[in-house]
């Protein structure tokens, strides 16, 4: 736990730098106020890690809102009862009523009234929001109470900032990826013919949550036999059989940041053909990692992966990879159309795969940090033990 | 699995009746179009069960939108890749691009363009939305493309409809509550001194998911020893000790509807005083259940629970209970200010409790269906075995 506390503190110190950088951009863009409402960006800019596993609270549909007004300290409006510890340096935290049993709950009205109060008298009538995520109720309240505002979207600006990680993010991502190493080791040790996918997943999850000492949201594919040809899917009650492939793709959220890794292995004894194919895909992944360089275009990396898998007589109908951070998929997407360049500080998950329709599939994924001259692999487990 | 399939089909048949009733109300309210976007209401009206455990998709922040226009068939706009099987009778399902690796993703723009298309030429310029949940991006698109619309909020109308359950909902709620019975039995059997809260939770979850044959979102408190005085909290790495209280509150989502139950028990051997207190709180819960009657005010039930716990020399700083359905807390809230009357078909969770600051707490919760002349308890496990 001491390490985790240290990571937390470290992260808190970097938040003022992120806020400062964003506020600089807001000035350049002529923004009078920005309202940040999405979970990944609240994590990035305010260290607020929303609980997500049981959906949106019926009491506080918007439990947190970050208000940035150039020239004033950044302020996080947080529903009472929501945890934020420690509060990042330089951030003002104000509370609004969330859950109560004493009177009717209308946390959105309470939040809107705080937001209106803060936005009175801003120097420019340009409001930046994350419009795909910003609740209409807040917008109505602002429109009713304030002079006309020109609303612009902040999403792309923040996505681009988040694509390059700072040391605090990299440190937490290392831990999140290490949790997937634990999960992948247990998957391999525990998997046996006769158990169901969901039972195997219970073993994996138990080990990861035991290590973290906390519940972990986990995005996962766990698909066996012919299901593995479908590329994705939740663990179900299908029973694992001797000699069939299992794809285990694990993305846990740890301290608000997502790890990721995927392995494919055979239940019981693997045939020569199976071993050969697994070796070949492992070689494609290793080859891709070797090619990662700053300045390379994302689409070039994508093309290499697809070509190498085509050489094996197959294909994958998904991305070759993606950025990883406060969201489980983020920039840079490693896809055919993405001409943006890889840069040092980006964290990539690469996941070449091959699927044989209705038969089986193989996907192997590792996470790496783009460095000045290549890539440092963060994933610790070995796909081919 | 056969039972589950049967439940699913049964549920699908009730959806047209819910839609018909809502559309009748929309006519009365003079609404030209209604857009439903929240997870519980999409479940209620279209049987769409959004994945929630890993938060909002970075690709499709609004994966589904239900469009209701009086005189036209209800239409569900669903991102490609989202599951809906079977499609409820009478519902039109249209797809918009969600995730793709072939081109840049802007699913919100795609969704907005579909919505604009459908709303052209509606007969009345009144639009009903769930404003706390409706994305500003959709609103902007509608405002840009259509003649001025008067926007009203649909939230309260739907909350009030959902408070009374139909047979299909009750059938699924029975199953969801039965899953908590399994969890509570395992909690009691598996709990022992030396294990951590998170390890105990892993056992509970494994048993419930094994039974369901699927992953289950679970809202849970699992708090031991002095933590139990805090009323709520996620399982962590605190180690259970002989003779201390554990509160286990489990709310799993099954087929889009939430079960709930809470038990408190002692690790190892309970003292006479502990047994006495647990018996007393069990008596308060049993007494509350006996008092449930249609026509009774929610606040009356609340007052009885608080008075009985006060007789034991304690109190609880939360609701006495709440409705249960497509959201984990919904109407009727059993709280001091709620003067609305209980009605047959309501499903209530009642959870009287007593907390001794910094020492320990006891909370016991059962779920019941309000009947014509009382309550049928849906919870199957016994708090005091």
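Read-outs: derived from the displayed coordinates by stated rules, not from any lab. Computed from a predicted model, the values in this text were never measured in an experiment. Using ideal geometry, Cβ is built from the backbone for each residue, glycine included, and neighbour counts are taken over all protein chains shown.
Taking every residue in the range A:166-182 that is over 22 Å from residue A:13 (Cβ atoms) and pairing it with any residue that is part of a helix (DSSP H, G or I), at least 6 positions away or on another chain, the pairs with Cβ-Cβ distances below 7 Å are A:179/A:208; A:179/A:211; A:179/A:212; A:182/A:207; A:182/A:208; A:182/A:211. Each residue in the range B:183-198 was checked for being in contact (Cβ under 8 Å) with a residue 40 or more places away in the chain, more than 20 Å from residue B:348 (Cα to Cα), more than 11 Å from every other protein chain (Cβ to nearest Cβ) and in a helix (DSSP H, G or I), and 3 pass. Considering the range A:209-229, the residues that are more than 10 Å from chain B (Cβ to nearest Cβ) and surrounded by 19 or more Cβ atoms within 10 Å (Cβ to Cβ) include one that is nearest to residue B:234 (Cα to Cα), namely A:221. Scan the range A:294-314 and tell me whether some residue there is touching a strand residue (DSSP E or B) at 6+ places or on another chain (Cβ under 7 Å), away from every other protein chain (no Cβ under 14 Å) and assigned to a helix (DSSP H, G or I). No, that holds for no residue. The residue that is surrounded by the fewest Cβ atoms within 10 Å (Cβ to Cβ), among those in the range A:144-161 that are over 17 Å from residue A:118 (Cβ atoms) and away from chain B (no Cβ under 11 Å), is A:148.
When the range B:51-71 is filtered for residues that are within 11 Å of chain A (Cβ to nearest Cβ), touching a residue at least 24 places away in the same chain (Cβ under 8 Å) and surrounded by fewer than 21 Cβ atoms within 10 Å (Cβ to Cβ), the ones remaining, listed by number, are B:52, B:53, B:59, B:61.
Residue B:141 satisfies every condition listed in (1) in a helix (DSSP H, G or I); (2) within 11 Å of another protein chain (Cβ to nearest Cβ); (3) touching a strand residue (DSSP E or B) at 6+ places or on another chain (Cβ under 8 Å) except (3). Taking the criterion of being farther than 18 Å from residue B:36 by Cα and surrounded by 14 or more Cβ atoms within 10 Å (Cβ to Cβ), the residues of the range B:81-97 that qualify are B:81, B:97. Per the conditions (1) assigned to a helix (DSSP H, G or I); (2) within 13 Å of another protein chain (Cβ to nearest Cβ); (3) under 25 Å from residue B:329 (Cα atoms); (4) in contact with a helix residue (DSSP H, G or I) (Cβ under 8 Å, 6 or more places away or on another chain), the sole criterion not satisfied by residue B:111 is (3).
For the range B:114-138, taking the residues that are closer than 13 Å to residue B:66 by Cβ and part of a loop (DSSP other than H, G, I, E, B), the one that is farthest from the other protein chains (Cβ to nearest Cβ) is identified as B:130. Whether a residue is buried (at least 17 other Cβ atoms within 10 Å of the Cβ) and under 26 Å from residue B:60 (Cβ atoms) was assessed, and residue A:128 passes this test.
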